[in-house]
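No value in this document is a laboratory result; all are computed from the given coordinates. The structure displayed is predicted, hence computed values, not measured ones. With ideal geometry, Cβ positions are generated from the backbone for all residues, glycine too; neighbour counts draw on all protein chains shown.
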Amino acid sequence: MNRRRLLGIGCALVALALVPAASPARAQLLVPAPPPGLVPAPTVGIEEKIDPALRALMASDPQKLLPVIVEMEPPLPPFLGAANVNRALEALDLLRLYGIPVAALSLIDAAAGFANAAGIDALSLVPTVAFVHQDATVGPQPSAAPPAPPAAPDQVSGVYPRVVRADKVWQQGITGGGVTVAILDSGVAADADLVQPDNRLLASVNFADERLTSDPGGHGTHIAGIVAGNGTRSGGEFTGIAPQANIVDVRVLGNTGSGRISSVVRGIEWVLAHRAAHNIRVINLSFGAPANLSYRADPMSAAVEIAWRRGLVVVAASGNGGPARDTVLTPGIDPYAITVGATDDRGTLGRGDDLLAWFSAWGSPDSNAKPDLVAPGRRIVSLRVPGSALDTLFPERVVVAQNGATYFRLTGTSMATAVVSGAAALLLAGRPNLTPDQVKALLVGTTQPYGEDSGQVLPDPIADGSGLLNAYAATIAVPCDAAPNPVLLGGFLVGTLFSPTPVACANRGLRPADGFARALYPVLFGSPLQWKDPLAGGIFWALLTWDTLLWNSAAWDNFAWDSVVWDSIAWDSIAWDSVAWDSIAWDSVAWDSIAWDTFTLD
């Protein structure tokens, strides 16, 4: 019996966790008898290796080719060559055998393609396959219909940089210069507010369908303007949060306004491969997909966590499915990411009349407190792409500046997400040595109150996270884990001083996604093993070594992830970008439409 089938949650068969065993006899030696009252867990069947949402689609039409991501188990030591790339290519070969291959996803030891019900069942029976995911559609999510009474026809928000106090940061001489934000979206057009007087649009790549124009949707350019527009065309009337930050355009949404999880993973992989060349420090994800599973089984969450551990701040939208609970989208459900909900700033500078936007999603399948914070997201004015899908569908949303230049207004947590990404760029421009955890701690730990005069009652205390973004307070606060200031008297050290008190640390005690643990296994192998509970499940964990350990769910739960010194990881030994970028047949992907015209953005 495959040793992976011996695993069960809460059961002593959990001697668990890593590679398939060399022999059944050795496996038995690693599994002590269950304590009284405990029963061995059932074996893992193919049903549990297939995404339930995918299983439902298989049942409805067994012959239909369905979009899938085939994720592999970790490779066996010794690790020869590029272990992650090799695993991804193995997954691609399996798709050639049982379906239609599209692209290797080396970042998460996986490949994307298409297969029918019989092919998916066959894939799930391969011992080296860990999970078959639905390659779900992602995109900016339509918001709920606005409540009555609607906003005044002339209510727009060009004041959002001042609402979140970014203008106070600019007064310190910090405007985002030198920091690059990756915009994974529908594309970014070379608007004057991004390329004049200096070109800050550093690179453009495409992981969606054929790109006939730079941004056929218009959504990505709007996002880029909120992050880094400098107001050149409007004479400074409409500017973004970090007006000197750089942008890279990573197109992952097609002409219909949608992409797939695989295109997002591939985009994140490209960002990781080119982060040093462009000094990319922040990834903006102003879209999502319905969260049908825990973040632990989510491939986008795994990709986000790898980027986070590699030093990239990932900012994701909570989604527009509010005001109901448990509506946060993936990858916003991931506990490591900075997840952003939206407020309505009412087009005014004062924060007392602000409201939590009715559409702002909150709550996650794992009961994680999401979003982490909120930012203005209603009727936000930013860059317009004339002739784009959104521009054509909503001509009434064109905003004319005092000098006659035209901009565009949009509503959604997508816009709020870009506000926070801009604030992260400001923070990193002032303190480039901050880690992603410190950036999150500063942004989430320094928020400001709002809405005290609005009379609004939140649906739940966690619905708006820690409160409204305060970019200025974040830049002057002391980061978590900051070294104390030495106090000297007569040349002698007499003590240390913190002033002011550091913000609370972020992302402590978290358990990463399964795909993260599998993908990082080759570089974690051989490092010190530290456990949260040395006797969890009746197992003497201290007696286990890498050679006797099954790396699986129970071990991931018990492993002390905070004990890993991530800065010492040999990241350069991981080859995620060894597959030729132009070898991907993205034109064979069925790009499901999310229908821009279904948006009820007011």
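Just a few scattered comments:
- Amide N of region 353-367 lying under 20 Å from the label point, which is placed 7 angstrom from the Cα of residue 162 along Cα→Cβ: 353-355
- Taking region 161-480 and dividing mean pair separation by its residue count, relative contact order in percent (alpha carbons under 8 Å, at least six apart): 22 percent
- Alpha-carbon centroids, region 290-331 and region 158-211: separation in whole Å: 23 Å
- Cα pair distances of region 161-480 binned at 10 Å [whole percent]: 7, 31, 39, 21, 2, 0
- Residue-normalised convex hull volume from the C-alpha trace of region 46-135: 75 Å³ per residue.
- In terms of the mean number of neighbouring beta-carbon atoms within 10 Å, the peptides 395-404, 443-452, 218-227, 126-135 order highest first as 218-227, 126-135, 443-452, 395-404.
- For residue 105, the amide hydrogen comes within under 5 Å of the amide hydrogens of 110, 111, 112, counting only partners 5 or more places away or on other chains and with H modelled in the peptide plane.
- Kirkwood Rh (inverse of mean 1/r, distinct Cα pairs), region 357-446, angstrom: 15.5 Å
- Taking a straight line from the alpha carbon of residue 370, these aspartates and glutamates sit under 14 Å away, with near neighbours fewer than eight places off in the same chain left out: 326, 334, 460, 464.
- In this simple spin-label model, placing a label point 7 Å from the Cα along the Cα-to-Cβ direction at both residue 543 and residue 460 gives a separation of 4.3 nm.
- Förster radius 45 Å - calculated FRET efficiency between residue 533 and residue 172, Cβ distance, rounded to 0.05: 0.45
- Electrostatic dipole magnitude of region 46-135 [Cβ: Lys, Arg +1; Asp, Glu -1; Cα centre; debye, to 20]: 160 debye
- Across region 184-190, rounded Karplus estimates of 3J(HN,Hα) from the backbone phi angles (6.51 cos²θ - 1.76 cosθ + 1.60, θ = phi - 60°) give 8, 6, 8, x, 9, 7, 7 Hz, Gly and Pro being marked x.
- Per-residue HN-Hα couplings for region 282-294 [Karplus 6.51, -1.76, 1.60; θ = phi - 60°; Hz; x = Gly/Pro]: 9, 10, 9, 10, 8, 6, x, 9, x, 8, 8, 10, 4
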